[in-house]
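*Asks:* Have a look at this one before I ask anything.
What follows is calculated from the coordinates using simple rules that are stated; it is not laboratory data. What you see is a predicted model, and the numbers here were worked out from it, not measured in a lab. A quick note on method: Cβ atoms are made from the backbone with ideal geometry, for glycine too, and the neighbour counts reach across all protein chains shown.
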């Protein structure tokens, strides 16, 4: 999969997700901790620190403390208009809207890179977690309700509600090699 970026939406489960969205070699929108995959080396410090600093014992059993954390990034996921078979479909919402929007931003960057004679980006997460933080606006308020709970609270740094934050496209373009 060299040079290919993979993006998944987590589905309509609030703090839960489908397994594909939690795959370690994908970029994910949504929110929570994977029950299927362990945290990766590039992310485990983030997920551990978040749980230690923000979750009390009332969260026990609602998340996997050693699981891969998602999302990686957050994007607006409300009221996108799309065109399907030539007809406008209004009001597409959720991670089904934000994941394709995120993929579109990366595609624009890849297009620019190709026009400059550079390779496409491929798997982005290790780069974002190590050097790309300045390209994201950290979201520190809110939560991702679901499963009869208030979900996970947003916090400073990575969190399972907004990931690293929302991308700032000009900064994102400049942060990438």
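*Asks:* Test of understanding: ordering 78, 116 by Cβ neighbours within 10 Å, fewest first, what list do you get?
*Replies:* Least crowded to most crowded, the residues run 116, 78.
*Asks:* R0 = 25 Å: FRET efficiency of residue 48 with residue 168, Cβ-based, nearest 0.05?
*Replies:* 0.40
*Asks:* Using a ≥ b ≥ c from the Cα gyration tensor of the stretch 22-175 (square roots of the eigenvalues), is it rounded, prolate or oblate, where a/c under 1.5 gives rounded and otherwise the larger of a/b and b/c decides, a/b for prolate?
*Replies:* oblate
*Asks:* Among 50-57, 34-41, 122-129, 69-76, how do they line up from the highest to the lowest mean number of other beta-carbon atoms within 10 Å?
*Replies:* Top of the packing list down: 69-76, 122-129, 34-41, 50-57.
*Asks:* Moving on to the next point. Is the shape of the stretch 76-115 best called rounded, prolate or oblate, per the rule: a/c under 1.5 gives rounded, else a/b larger than b/c gives prolate, else oblate, with a ≥ b ≥ c the square roots of the Cα gyration tensor eigenvalues?
*Replies:* Verdict is oblate for the stretch 76-115.
*Asks:* Still on this structure: Take peptides 159-171, 99-111 and line them up by average Cβ neighbours within 10 Å, highest first, as a rough protection proxy.
*Replies:* 159-171, 99-111
*Asks:* Next up: Please give the Cα centre distance for the stretch 122-150 versus the stretch 65-104, rounded to the nearest Å.
*Replies:* 15
*Asks:* Let me ask another. For residue 145 and residue 35 in one chain, what is 0.36 nm times their gap in residues minus the Cα-Cα distance, to one decimal in nm?
*Replies:* Here the segment from residue 145 to residue 35 would lengthen by 37.8 nm.
*Asks:* Could you compute the FRET efficiency for residue 87 and residue 114, with r as their C-beta to C-beta distance and R0 at 25 Å, rounded to 0.05?
*Replies:* Computed FRET efficiency for residue 87 and residue 114 comes out at 0.20.
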